[in-house]
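Note sheet for the following structure.
The values are calculated or read from the model by the stated rules, or taken from the named source; none is laboratory data. Being a predicted model, the structure only gives us computed values, none of them experimental. Backbone-built Cβ (ideal geometry, glycine too); neighbour counts: all protein chains shown.
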Amino acid sequence: FAVRGRSGASVSKRLWEGEGILTTAVRLPDGREGVRVSPHVYTSLVELDRFCEAVERAV
């Protein structure tokens, strides 16, 4: 995902340092910077909710 006005690296850093959530800064196909999130079948709904709340705080 991408956040207008924010680099992928800054959002990824904020999620890691502020929330303990590991993501990866990436360059999207259209050239924008974004953040890669890799949930898995083992990721619980509680963890996904926590991630969404953390993104709201980070941006």
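Across the stretch 17-29, the qualifying residues are those that are closer than 20 Å to Asp49 by Cβ and surrounded by 13 or more Cβ atoms within 10 Å (Cβ to Cβ), and the one among them that is nearest to the chain's Cα centre (by Cα) is Thr23. Being touching a residue at least 40 places away in the same chain (Cβ under 8 Å) and not β-branched (Val, Ile, Thr) is a property that does not hold for Arg50. One residue is enough: does the stretch 30-39 have a residue meeting the conditions part of a helix (DSSP H, G or I), surrounded by 10 or more Cβ atoms within 10 Å (Cβ to Cβ), modelled with pLDDT under 95 and not charged (D, E, K, R)? So far as the stretch 30-39 goes, no, none of its residues is part of a helix (DSSP H, G or I), surrounded by 10 or more Cβ atoms within 10 Å (Cβ to Cβ), modelled with pLDDT under 95 and not charged (D, E, K, R).
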